[in-house]
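*Asks:* One structure coming up, written as structure tokens, with questions to follow.
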Amino acid sequence: MPPSRTFPDGFAWGAATASYQIEGAVDADGRGPSIWDVFSHTPGRIRDGSTGDVACDHYHRWAADLDLAAQLGLDAYRFSIAWPRVIPDGDGDVNVRGLDFYDRLVDGLLERGIRPVATLYHWDLPQALEDRGGWAERSAADAFARYAQAVVDRLGDRVPQWITLNEPWVSAFVGYASGRHAPGRTNLRDALLASHHLLLAHARVMPILRTTEARVGVTLNVSHVLPLTDSPADRDAAELADEQVNGWFADPILRGSYPDRMAAWYGSLLDGIVRHGDLEAIHAPIDFIGLNYYVRTHVRAVRGDASSSDPMDVLPYRAELPDGVPTTAMGWPVEPDGLRDFLIAFSASHPHVPILITENGSAWDDTVAADGSVDDPERTAYLESHLVAVHEAIAAGVDVRGYFAWSLLDNFEWAEGYAKRFGIVHVDYPTQRRTPKASARRYAEIVAANAV
Ligand code: FCB
């Protein structure tokens, strides 16, 4: 047995979910359609042809789900609020019944001694706003501020921690350029507009959240980017990829500027997007940065392909898996050292911002045994090895304050539908029965011991 690694006092142990992935009840209590409703109902968009219409039916089963979180001993629970429940048409009337749901959820967490960590935007833009241009329109940031104000008016007295956006990089580049996520556009200029307007949306809601006592941050997807080979071309490509993947949102927020090389590379595609004063507002201090970490990315230099159906292929690099690296059911490499190395590098570049790991986890082809149990040794090993990596980063001086497993429940994994299971709790979709997997039991032990 390796020595047990104890985490600092007060380290927060949590699990994360997102509204569209678990709630279902898409027509309940005045909710309006989001871009993910429209996208998932479009044939060919979701691998298994599924939608989030029912998902985990968490909208009706939230109390039992919070009981599960309490049984695991979690300190904190990260969830997202669905904008189309709160303002069904994006910037019109506030729907009180939508807010009622989150009111019950927040109280339910507090009653169970679990800290609510609320994300304002985890990808479910009201479709009515997309019909008016979506995130490619600057006015989307103003609509977001109105929505945030309505949420804060109702929940601001009880939510101690807010996250403005989840993975704006994915919203912008996968939603508006690659088109693999809602709204499914394939236009790089739109993606760059969307990325700036998402940053602006973050900036616009910061002063609103600052009227509360809460700690406020943003969650970014990050990856440890390495050159595939030691060639100067691959090393150069990896530097650019690092700016695109890890710098495009972190640098404006934490430094007040877009990363130089990447911005120069985009050149005239960025014309007219950034207005006077935007970057100062985007650079407002945050209390923590949320990092979602899943994979290391190995990058090879290529000639950009402007004729590809994916506009992102115009970039002069590709991710490629080196031989012999084990992969999850998503085909994602399992390389926990990448998390440690990324955290050390990130905190060297941004030394004063505390870090929360707001997502980390893995999908595997789980099997349910005859007795109903789910033994998932790969997920348990992924969890343990990544927690060891976090502990090593802390030992090296990185200020990591907490860890949220993705995900509490198996759920609607976006373009993959229900085929990919990330939960530490198994969901049998036909019956909606929940079964904690072996990984959940192991996680509960780690949480109780504050050690891995
Ligand atoms: C992240 C998303 C989250 C989940 C995981 C697997 O990019 O934030 O909703 O889908 O990936």
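*Asks:* Please compute the contact order of the chain in relative form: average sequence separation of alpha-carbon pairs under 8 Å and at least six residues apart, divided by the residue count, as a percent.
*Replies:* Taking the mean separation of contacting Cα pairs over the length of the chain, I get 18 percent.
*Asks:* Tell me, in nm to one decimal, what length is gained between D337 and S385 on full extension, where the rule is 0.36 nm per residue of separation less the Cα-Cα distance?
*Replies:* Taking 0.36 nm per residue and subtracting the Cα distance, the gain is 16.4 nm.
*Asks:* Oh, and also: If you stretched the chain out fully between N450 and D29, how much longer would it get, using 0.36 nm times the residue separation minus the C-alpha to C-alpha distance?
*Replies:* Residue separation times 0.36 nm, minus the Cα-Cα distance, leaves 147.5 nm.
*Asks:* Using a probe of 1.4 angstrom, how much of the accessible area of the chain is carbon and sulfur, in percent?
*Replies:* Working: 8470 of 16730 Å².
Percent of accessible area from carbon and sulfur atoms in the chain: 51.
*Asks:* Amide H neighbours of L356 under 5 Å, counting only residues 5+ apart in sequence or on other chains, H built in-plane at 1.01 Å?
*Replies:* So L356 has HN proximity to I289, G290, L291, R401.
*Asks:* Across segment 134-145, in residue order, what do the Karplus-derived ³J(HN,Hα) couplings come to in whole Hz, using 6.51 cos²θ - 1.76 cosθ + 1.60 with θ = phi - 60° and x for Gly and Pro?
*Replies:* So the J values, rounded to whole Hz, are x, 5, 6, 9, 4, 5, 4, 5, 5, 4, 5, 5.
*Asks:* Amide H of T328: which non-local residues (sequence gap of 5 or more, or other chain) have their own amide H closer than 5 Å, using H built in the peptide plane?
*Replies:* Residues meeting the amide H criterion: V334.
*Asks:* If you roll a 1.4 Å probe over the heavy atoms of the protein chains, what accessible area per residue do you get for segment 184-295, in Å²?
*Replies:* About 38 Å² of surface per residue is accessible.
*Asks:* Then there is this: Once you treat every alpha carbon in segment 80-153 as an equal point and sum by Debye, what is log10 I(q)/I(0) at q = 0.18, 0.27 Å⁻¹?
*Replies:* Rounded to two decimals, the profile gives -0.68, -1.27.
*Asks:* List every residue whose amide H lies under 5 Å from the amide H of Y294, counting only residues 5 or more places away in sequence or on a different chain, with H placed 1.01 Å from N in the peptide plane.
*Replies:* Answer set, sorted by chain and number: V222.
*Asks:* Also, quick follow-up: Gap in Å between the Cα centre of segment 391-426 and the Cα centre of segment 38-80?
*Replies:* 14 Å
*Asks:* Something else now. Determine ³J(HN,Hα), in whole Hz, for all residues of segment 321-334 in sequence, where each value follows from phi through the Karplus function 6.51 cos²θ - 1.76 cosθ + 1.60 and θ = phi - 60°; x replaces Gly and Pro.
*Replies:* Going residue by residue, I get 7, x, 4, x, 8, x, 10, 7, 4, 7, x, 8, x, 9 Hz, with x marking Gly and Pro.
*Asks:* Would you calculate a helix-derived [θ] at 222 nm for the chain, using -39,500 (n - 2.57) for each DSSP H run of n ≥ 4 and dividing by the full residue count, to the nearest 500?
*Replies:* Value at 222 nm, helices only: -11000 deg cm²/dmol.
*Asks:* Put a dot 7 Å past each Cα toward the Cβ at A70 and D271; how far apart are the dots in nm?
*Replies:* For the pair D271/A70, the computed spacing is 6.0 nm.
*Asks:* Follow-up. What is the spin-label model distance, in nm, from T186 to H350 if the labels are put 7 Å beyond Cα along the C-beta direction?
*Replies:* For T186 paired with H350, the spin-label model returns 3.2 nm.
*Asks:* Rounded, prolate or oblate: which fits segment 291-431 when a ≥ b ≥ c are the square roots of the eigenvalues of the alpha-carbon gyration tensor, with rounded for a/c under 1.5 and prolate only if a/b beats b/c?
*Replies:* Since a/c reaches 1.5 but b/c is at least a/b, the shape of segment 291-431 is classed as oblate.
*Asks:* Just to confirm a number: summing +1 for Lys and Arg and -1 for Asp and Glu over residues other than T327 whose beta-carbon lies under 14 angstrom from that of T327, what do you get?
*Replies:* -2
*Asks:* Moving on to the next point. Hey, got the dipole for segment 348-452? About the Cα centre, +1 on K and R Cβ, -1 on D and E Cβ, debye to the nearest 20?
*Replies:* 260 debye
*Asks:* Would you mind working out the magnitude of the charge dipole of the chain relative to its Cα centre, with +1 at each Lys and Arg C-beta and -1 at each Asp and Glu C-beta, to the nearest 20 Debye?
*Replies:* Taking the Cα centre of the chain as origin, the dipole is about 400 debye.
*Asks:* Can you work out the Karplus-derived ³J(HN,Hα) for every residue in segment 172-187? Use 6.51 cos²θ - 1.76 cosθ + 1.60 with θ = phi - 60°, whole Hz, and x for glycine or proline.
*Replies:* 6, 7, 7, x, 10, 10, 5, x, 7, 10, 4, x, x, 7, 10, 9
*Asks:* Given a Förster distance of 41 angstrom, what is the FRET efficiency for S308 paired with Q432, based on the Cβ-Cβ distance and rounded to 0.05? Spell out each step's value before the answer.
*Replies:* Working: r = 41 Å, r/R0 = 1.00.
Working from the Cβ atoms, E equals 0.50.
*Asks:* Spin-label point model (7 Å from Cα, Cβ direction): what's the L321 to D93 distance in nm?
*Replies:* Taking the two extended label points, one gets 5.2 nm.
*Asks:* Here is a follow-up. Over the Cα atoms of the chain, what is the Rg over Rh ratio if Rh follows Kirkwood? Walk me through the intermediate numbers first.
*Replies:* On the way: Rg = 20.7 Å, Rh = 22.1 Å.
For the chain, the value is 0.93.
*Asks:* Sum up the charges of everything whose Cβ sits under 13 Å from the Cβ of Q149, counting Lys and Arg as +1 and Asp and Glu as -1, but leave Q149 out.
*Replies:* After counting each charged neighbour, the total is +1.
*Asks:* Could you tell me what a quarter of the Cα convex hull surface of segment 1-147 works out to, in nm² with one decimal place?
*Replies:* 11.8 nm²
*Asks:* OK, next. Which whole-number value in Å² is the accessible area per residue of segment 1-152, probe 1.4 Å?
*Replies:* Result: 36 Å² of accessible area for each residue.
The values are calculated or read from the model by the stated rules, or taken from the named source; none is laboratory data. Since the structure is predicted, the reported quantities are computational estimates derived from the model, not experimental observations. Cβ sites come from the backbone with ideal geometry, for glycine too, and all protein chains shown count toward neighbours. Surface areas here come from the heavy atoms of the whole protein model, side chains and all, with no ligands, DNA or RNA. Shrake-Rupley method; radii C 1.70, N 1.55, O 1.52, S 1.80 Å.
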